[in-house]
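The values are calculated or read from the model by the stated rules, or taken from the named source; none is laboratory data. This one's a predicted model, so the numbers in the text were calculated from it and none came from an experiment. Using ideal geometry, Cβ is built from the backbone for each residue, glycine included, and neighbour counts are taken over all protein chains shown. Remember, those area values only see protein heavy atoms, side chains included, never the ligands or the DNA or RNA. Shrake-Rupley method; radii C 1.70, N 1.55, O 1.52, S 1.80 Å.
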Amino acid sequence: MMHDAPMKRLPILLFAPWVCLPLACQAPDETGPLPPQARCRPRAELPPGRLFTDVTDEVGLTGVTGIRLAAADLDGDGWVDLVVHGFGNTRDQVPDRLLRRVLRNRGGRFEDVTMASGLLDSRDGPMTGRLAHLAVFGDVDNDGDLDLFSGTFATATDMPPTDRGEILLNDGRGHFSMAPPSAPSARRLPTAAATFVDYDRDGLLDLFVGHFYLGSEGAGNALYRGLGDGTFEDVSRDSGVLRAPAGGDLTKYLRGEFRRAVYGVTACDVDNDGDADLLTSAYGRAWNELWRNDQGRFTDVGQGTPFAADDLLDYTQDNAFYHCYCRDNPGRCPPNTPAPAIRCDRYAWTPGLDDQPARLAGNTFSTACADLDNDGDLDVVHSEIRHWHIGRSSDPSQILRNLYRETGQLAFERLDHARTGFVRPMLLEAWNEGDISVAVFDFDNDGRKDIYLGSSDYPETWGALFHQQPDGTFVEIARRAGVRHYHAVAMVAIDYDRDGDLDLVVATSTARCGGDPLCPPTQQVRLYRNDVGALRNALQIRLVGGGPGRANRAAIGARVTVRAGGITQVQEVSGGYGHFGLQPGTLLTFGLGEACQADEVEVRWPDAAGSVERYGAIPANHEVELRQGEPRPIYVH
């Protein structure tokens, strides 16, 4: 159902248990107002035709270009808006060449409000443009609207003197102004990722930032503690997330005692203890980091585990760089070493370094947290770039199952591709797996989460949609579904039209497009409307925390458990994740399949007490708002 104007919030209604019948839900005979009747939908199978429709033109996105996407309700009207970033090493040229776009959703159609947004202001003055490459959203001052962190992927020598990471405060109507300078703007580092998180559960949002290379070593991580007024203090070293640099010491490097070149960061509670752990996606075939949160102090417990890297370390058979080294250094390799399959004029191989586990991991760009098997803990999906000439010792994109519920320990198992179906054929002999981004969402509202894997930049790399089957395996259906997008560099799954299912917005990369006839002429942004999710039942939940001393107002880090139809689903509210700030907004969508109500909804708030609030039956196909400390849901529509 399309809405032409923002929906007015219905009054708070008395909450009562419901009895669900095959075609309708009936309420017990009680006095007083009752929740609205459930809009129960009968059993529905996926139709044989396309599942998504490209509606880019009709929703006002024609001509919009960019390669980074984030979604947030910037003006509080209930309709999720888009912020799009291009990529360049110069400021926006106002008004002729804008690298950023702010697109306000007005009842399902987007309007460009960039010029009025304040995002083109800099420390040099209004409308002077600013070098910026990513944005993530959270309510840093707890005033009820979403502010943002704007990150810049450049070093001090590459960016204008006054440009750097900045916190921008929202006036509630979608106009942003720079907060006073504080820790996030103190250093000019190549920022590649960021997420808002309340790591110490004081009700004030903090900021975790990942940086790329600074010289030959990564610039590492930064953790900034929020002070509640839009300013932050640097707690990177005190919290433990910033290592000392290896400084060229090979021994330290091989032990993992070095700062990673980080391409993505994620925050989620992987050990079910009520606080947010921090995950980094490392580039350079280096180990990923899993920072366990122990009352605000962090320890990397990922090294040596499947989270950091897989256990395939044999480089001898299919690493062409090694083969080139062997060709050029006779007698230093086994006699049966294969001949190089590449020209050896630009290879890099150093014995004692490139043959060690610390250099046999992956090029991880994004890590998504999601309960893929509905067992109550958060699994992860790594998206990786991998090349044919490096071979199997480089990690692939993979699903990692969280074993915490089974073992009581923080541990992951890498699931074999043949077992999961999370694989697609390589279309070229000289293949490249160019997976930069990943989104996990239930597109058909059957209660099982699906995966969209963004594969970009290289020839014959396409976005892939993996549909989860009842047995937990996945089938790749992007072509059939209508979302096989070439060079799908970034995506967000949002309900842009408020019909109860998640649509897909995809950005396009034109990098490495020289001579590729499949490449589009521009970095176009396309919106694919979901035509099948609304055939089944769903429940959408928006949370509002109590503020300082309780949960942050945006409820980032809150965990919602929905029990319906014999299935238990878990989701957390995200403050952004992955490569250059993927963020799908703060509204959570739970597919209920044939169930016409959620039998129980449980919210674990990210506050110091770990407060848990439970709600009885909530009828399906509504958007509800749950406010911390209030016992009844607000039915939004």
(request) Rounded to the nearest 500, what is the 222 nm mean residue ellipticity of the chain from helices alone, with -39500 (n - 2.57) per DSSP H run of 4+ residues and division by all residues? (result) -1000 deg cm²/dmol
(message) Can you list residues from other chains, or at least 5 along the same chain, whose modelled amide H is less than 5 Å from the amide H of Val64?
(response) Val525
(request) Between Thr522 and Glu413, with labels modelled 7 Å along Cα→Cβ, what's the label distance in nm to one decimal, could you check? (result) 4.9
(message) How large are Rg and Dmax for segment 101-201 when calculated on the C-alpha trace, in angstrom?
(response) 13.9, 43
(message) Quick check: pseudo-label points 7 Å beyond the Cα along Cα→Cβ at Arg479 and Arg123, how many nm apart are they?
(response) 5.2
(message) Less than 12 Å Cβ to Cβ from Gly447, Lys/Arg counted +1 and Asp/Glu -1: what total charge do the surrounding residues give?
(response) -3
(message) Order Lys449, Lys252 by their accessible area, 1.4 angstrom probe, all chains in place, largest first.
(response) Lys252, Lys449
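Taking all protein chains together and a probe of 1.4 Å, list Thr62, Thr473, Thr152 from the most accessible to the least accessible. Kindly include the intermediate steps, with their values, before the conclusion.
Values: Thr62 90, Thr473 40, Thr152 0 Å².
Sorted by accessible area, descending: Thr62, Thr473, Thr152.
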(request) Estimate the FRET efficiency between Arg563 and Leu427 by the formula 1/(1 + (r/R0)^6), using the beta-carbon distance for r and 30 Å for R0, to the nearest 0.05. (result) 0.10
(request) Please work out how much accessible surface Asp229 shows to a 1.4 Å probe, ignoring ligands, DNA and RNA, in Å² rounded to 10. (result) 90
(request) Give me the percent of Cα-Cα pairs in the chain that sit more than 49 Å apart, rounded to a whole number. (result) 9
(request) Give the accessible area for Asp607 in Å² (nearest 10); use a 1.4 Å probe, count only protein heavy atoms, and leave out ligands, DNA and RNA. (result) 10
(message) How many angstrom lie between the Cα centre of segment 329-375 and the Cα centre of segment 99-122?
(response) 43
(request) Could you work out the relative contact order of segment 582-627, using alpha carbon pairs under 8 angstrom and six or more residues apart, expressed as a whole percent? (result) 34
(request) Pop out the carbon and sulfur fraction of the accessible area of segment 399-516 as a percent, whole number, probe 1.4 Å. (result) 49
(request) Compute the relative contact order of the chain as a whole-number percentage, counting only Cα pairs closer than 8 Å that sit 6 or more residues apart in sequence. (result) 17
(message) What does the charge count around Thr510 come to, taking other residues whose C-beta lies under 11 Å from its C-beta (Lys +1, Arg +1, Asp -1, Glu -1)?
(response) -1
(request) When a/c is below 1.5 the answer is rounded, else prolate if a/b is larger than b/c, else oblate, so apply that to segment 353-479 with a ≥ b ≥ c taken from the square roots of the Cα gyration tensor eigenvalues. (result) oblate
(message) Quick check: with the 1.4 Å probe, what order do Met178, Met115 take by accessible area, largest first?
(response) Met115, Met178
(message) I need the phi-derived Karplus couplings for segment 476-489: 6.51 cos²θ - 1.76 cosθ + 1.60, θ = phi - 60°, integer Hz, Gly and Pro marked x.
(response) 7, 10, 4, 5, 4, 6, x, 10, 7, 9, 6, 6, 7, 7
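Where does each of 529-537, 316-324, 343-351 land if you order them by average Cβ count within 10 Å, highest first? Each step should come with its number before you reach the end.
Numbers: 529-537: 22.4, 316-324: 20.3, 343-351: 11.9.
By packing density, highest mean first, the sequence is 529-537, 316-324, 343-351.
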